[in-house]
Amino acid sequence: MSLGEGEQPCREPLPPVVRSDRDADEAAPRVLAEEVPPDIDTADHLAADFGDPDARLCALRERRQAVDDLLSVDDRGRRDVEHEADEVVGVALQLEGPDGHTRHVLAAILTIGNELVSGDTENTNASWLARRLESVGVKVAILASVPDETDRIIDFVRREGARVDHLLVTGGLGGTPDDITREAIAAAFEVPQEVIPELAEDLRARFRGAPEYAARWAALPRGSRPLDNPLGGAPGFQLGNAWVLPGLPSEMRAMFDLYASELAAERPIEAWRRRLGLRESTIANTLEEATSRWPSVSVGSYPSFHADGPEVEIVLKSADPEALAEASSWLAEALDTLR
């Protein structure tokens with residue numbers, strides 16, 4: 001994208017986007033945003049708190065350029081992208097703000113399965129992924145479960161995938177009638193499914209008892225990158241910013257760990273915790289002051305009630321270790337005066 005009249009080039013432009021799909025010219029995945037973009041959270045989004053207006057304009061121009069480089073879209077799709085670029089300051093991976101600290105990399109988690117929304121199966125995948133993503137510096141913006149219904153999967157992928165850096169999807173990769181995730185993701189990205197011949201042959205060789213059943217797992221959305229499944233059969237796949245993993249917890253965890261380094265931010269999100277035998281109302285003003293003093297630190301309090309009285313757990317989290325250390329030291333001392 002060329003600069004407009006009077007615009008100055010940004011001092012450190014974003015690196016060029018490298019497309020990873022196998023058939024990029026024919027099958028560029030599209031951002032299919034259908035809703036008004038979310039409000040900017042100044043703690044999470046680059047340039048929202050820039051004091052220098054020129055820096056904000058540079059961030060917006062770079063965001064538009066990155067999107068234009070990544071996508072090859074028709075006029076309708078380009079209008080959607082340009083609207084999103086005009087209205088939302090996206091999160092730039094590994095890009096530092098004026099305070100020298102890396103902004104949050106954001107993720108959405110979607111777990112798919114009738115058994116999850118009915119309560120028949122405990123949704124351990126969502127909680128495990130949220131903790132694991134934090135350990136590699138990725139902040140989860142939303143997690144949700146939907147049944148095995150194509151329209152609901154498409155709606156979530158299009159709506160939330162455009163708002164985050166990584167979309168993690170689990171479930172629905174088997175071979176039974178309710179396993180529709182491959183078809184739904186293909187529809188969400190408006191690409192057909194294509195059998196990857198070498199993957200199909202590998203699956204046939206591994207599953208000699210039901211070779212054609214296993215070979216169906218190789219029909220991935222066009223442009224997908226297969227993801228190895230070290231503990232099972234059905235491969236996962238990556239398409240755009242979507243990472244699709246098995247629903248079986250052991251397989252999901254093993255697959256995620258294989259590729260965690262590709263999702264990681266520059267710094268992990270670290271935590272400080274403390275439990276006190278107090279009510280939340282006693283510490284509310286202190287927590288408000290900590291939130292005001294250290295905006296890059298997330299401050300949470302979680303009450304519980306027991307036979308011997310109330311208890312509250314205070315949790316601080318941040319990818320900025322210095323801010324976390326300062327906030328936790330101050331808060332520990334302030335809480336000691338309330339006991």
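The values are calculated or read from the model by the stated rules, or taken from the named source; none is laboratory data. Bear in mind the structure is a predicted one, so any value in this text is a computation, not a measurement. Because the Cβ atoms are built from the backbone with ideal geometry, glycine has one as well, and the counts that use them run over all protein chains shown.
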Can you pull out every residue in segment 270-283 that is surrounded by fewer than 13 Cβ atoms within 10 Å (Cβ to Cβ) and either assigned by TED's automatic domain parsing to the domain that holds Glu134 or in contact (Cβ under 8 Å) with a residue 12 or more places away in the chain (or both)?
Arg273, Arg275, Gly277
Hits in segment 135-190 - residues which are assigned to a strand (DSSP E or B), under 13 Å from the mean Cα position of the chain (by Cα) and among the hydrophobic types (A, V, I, L, M, F, W, C):
Val138, Val140, Ala141, Ile142, Leu143, Ala144, Leu167, Leu168, Val169
Looking at segment 302-316, which of its residues are surrounded by 15 or more Cβ atoms within 10 Å (Cβ to Cβ) and either without any contact (Cβ under 8 Å) to a residue 24 or more places away in the chain or closer than 12 Å to Arg274 by Cα (or both)?
Glu311, Val312, Ile314, Leu316
Return the total of residues in segment 142-162 being in contact with a strand residue (DSSP E or B) (Cβ under 7 Å, 6 or more places away or on another chain) and within 16 Å of Trp243 (Cα to Cα).
9
Given Glu288, Glu190, which one is among the charged types (D, E, K, R), at pLDDT below 95 and either closer than 30 Å to Asp155 by Cβ or assigned by TED's automatic domain parsing to the domain that holds Ser329 (or both)?
Glu288
Within segment 284-297, considering residues that are within 29 Å of Leu129 (Cα to Cα) and either in contact (Cβ under 8 Å) with a residue 40 or more places away in the chain or among the aliphatic types (A, V, I, L, M) (or both), the one surrounded by the fewest Cβ atoms within 10 Å (Cβ to Cβ):
Pro295
Scan segment 317-339 for residues that are small (Gly, Ala, Ser) and crowded, with 21+ Cβ neighbours inside 10 Å and jot them down.
Ser318, Ala319, Ala327, Ser328
Here are some residues: Thr170, Thr176. Which one is under 29 Å from His104 (Cβ atoms), assigned by TED's automatic domain parsing to the domain that holds Ser127 and either free of Cβ contacts under 8 Å to residues at least 12 places away in the same chain or of a type in the set (Val, Ile, Thr) (or both)?
Thr170
Close pairs from segment 113-124: first charged (D, E, K, R), partner outside any loop (DSSP other than H, G, I, E, B), Cβ under 9 Å, at least 6 apart:
Asp120/Asn114; Glu122/Leu116
So for segment 176-193 (the condition being crowded, with 19+ Cβ neighbours inside 10 Å, of a type outside the set (Phe, Trp, Tyr) and more than 25 Å from Asp165 (Cα to Cα)), does at least one residue qualify?
yes
Does Pro310 satisfy being modelled with pLDDT of 90 or more, over 15 Å from Glu134 (Cβ atoms) and assigned by TED's automatic domain parsing to the domain that holds Glu115?
no
